1. Just one of the numbered conditions (1) under 24 Å from Ala149 (Cα atoms); (2) out of contact with any Phe, Trp or Tyr (no Cβ under 8 Å at 6 or more places or on another chain) is not true of Ala199; which one?
2. Taking Ala14 as meeting all but one of (1) within 11 Å of the ligand (Cβ to nearest atom); (2) assigned by TED's automatic domain parsing to the domain that holds Glu158, write down the number of the exception.
3. Can you tell me which residue among Gln82, Gln105, Gln88 is away from the ligand (no atom under 13 Å from the Cβ), open to solvent by 40 Å² or more (accessible area, probe 1.4 Å) and assigned to a helix (DSSP H, G or I)?
4. Output the residues belonging to segment 117-159 that are near the ligand (Cβ under 8 Å from one of its atoms) and in contact with a helix residue (DSSP H, G or I) (Cβ under 6 Å, 6 or more places away or on another chain).
5. Does segment 23-47 hold any residues that are in contact (Cβ under 8 Å) with a residue 12 or more places away in the chain, out of contact with any strand residue (DSSP E or B) (no Cβ under 7 Å at 6 or more places or on another chain), within 16 Å of Asp7 (Cβ to Cβ) and more than 11 Å from the ligand (Cβ to nearest atom), and which are they?
6. Do any strands (runs of 3 or more DSSP E) lying entirely in segment 163-277 carry at least 3 residues that are open to solvent by 20 Å² or more (accessible area, probe 1.4 Å), and which ones are they?
7. Kindly indicate which of Arg258, Arg225 is over 20 Å from the mean Cα position of the chain (by Cα) and over 22 Å from Gly155 (Cα atoms).
8. Looking at this structure, is Ala138 among the hydrophobic types (A, V, I, L, M, F, W, C) and assigned to a strand (DSSP E or B)?
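The values are calculated or read from the model by the stated rules, or taken from the named source; none is laboratory data. All values derive from a computational prediction rather than experimental measurement. For neighbour counting, all protein chains shown are included, and Cβ atoms are generated from backbone atoms with ideal geometry for every residue, glycine included. Only protein heavy atoms, including side chains, enter the accessible area calculation; ligands, DNA and RNA are left aside. Shrake-Rupley method; radii C 1.70, N 1.55, O 1.52, S 1.80 Å.
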Amino acid sequence: MIPAAFDYVRAGSAEEAVSLLGQYGDDAKLLAGGHSLLPLMKLRLASPAVIIDVGRVRDLSYVRDAGDHVAIGALTRHCDVQRDPLLQAQVPLLPHVAGQVGDPQVRHRGTIGGSIAHGDPASDLPAAVLALGGSLVARGPSGERVIPAGSFFEGFLETALAPDEVLTEVRVPKMDGAGWSFQKFNRRAQDWAIVGVVAVGPQAGGGVALVNMASTPVRAGAVERAVAGGASPADAAASAAEGLDPPSDLNATPEFRRHLATVLTRRALEEVAAGRP
Ligand code: FAD
């Protein structure tokens, strides 16, 4: 439970973090809220030689109206996403999902950028950003690029971020009053999702995304197509696990996860159809 020895440097800006990543290369890891990285280090599943602390880069903590979308700084903590009035009005799904992440301690330290960059399929916010059709802004040595959420998650804890890039911003389209739902199934309040489903209505693109059903957060494409073709929630939800190979662990077998995905997707689609909120 004690991490391997590491050096610690603090970055004062995104530019400085990019420069430090370039200097230390593959040996370095960024530290934001530390609530995913430090547990991995304590288990010795990650042993970076250098930690680059970006947790105090305050100009990457913001929520801004950007016309057709809301821009969220990568260092914005889950509790600030949860309480933000602009997000509550324009993208109400996201504050709700942020409020379901872990417990208050986790939400006061963890950041939306850390959650997305970590790319854990069991995390809630990556699935929400996927369902919304959001995008991610990465800054590297040669400038900025925008990556659609649909092509960001590449494998288990692997993303499209290059080793010398910093995730600086998360962009989510405004929902135009669309219905939405987040169904999170766990055995105890505040636990990670055994399976989760995020769904939004057609005005917000009709996305449906699944938590903990594959090696990455995933869109349930078959469900989205069925809904667009006029299928009932129950009929559309029947294909929730189509083509997916969910994990097996102490909480659930793959078969149980497939069953949960079907039940939770039906509930989510019914809630979306009812026009929440
Ligand atoms: P860190 O741990 O600091 O970093 C995580 C990874 O992302 C590292 O590899 C780091 O190098 C990289 N990184 C961080 N920021 C950037 C950036 N700006 N650019 C590029 N790379 C970056 N999550 C859920 O979704 N649902 C839950 O129910 C849940 N429960 C939890 C319960 C507990 C007890 C704990 C400890 C965590 C839980 N989490 C849960 C995870 C939590 O949300 C984390 O805060 C989050 O996943 C990671 O954010 P962070 O800011 O802590 O990132």
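1. (2) is the only condition that Ala199 fails.
2. (2)
3. So the residue among Gln82, Gln105, Gln88 that is away from the ligand (no atom under 13 Å from the Cβ), open to solvent by 40 Å² or more (accessible area, probe 1.4 Å) and assigned to a helix (DSSP H, G or I) is Gln88.
4. Ser123, Asp124, Leu125, Pro126, listed by residue number.
5. Correct list: Gly25, Asp26, Ser47.
6. 166-173, 180-185
7. Details: Arg258 fails: over 22 Å from Gly155 (Cα atoms).
Every option except Arg225 fails the conditions.
8. Judged against the criteria, Ala138 is a match.
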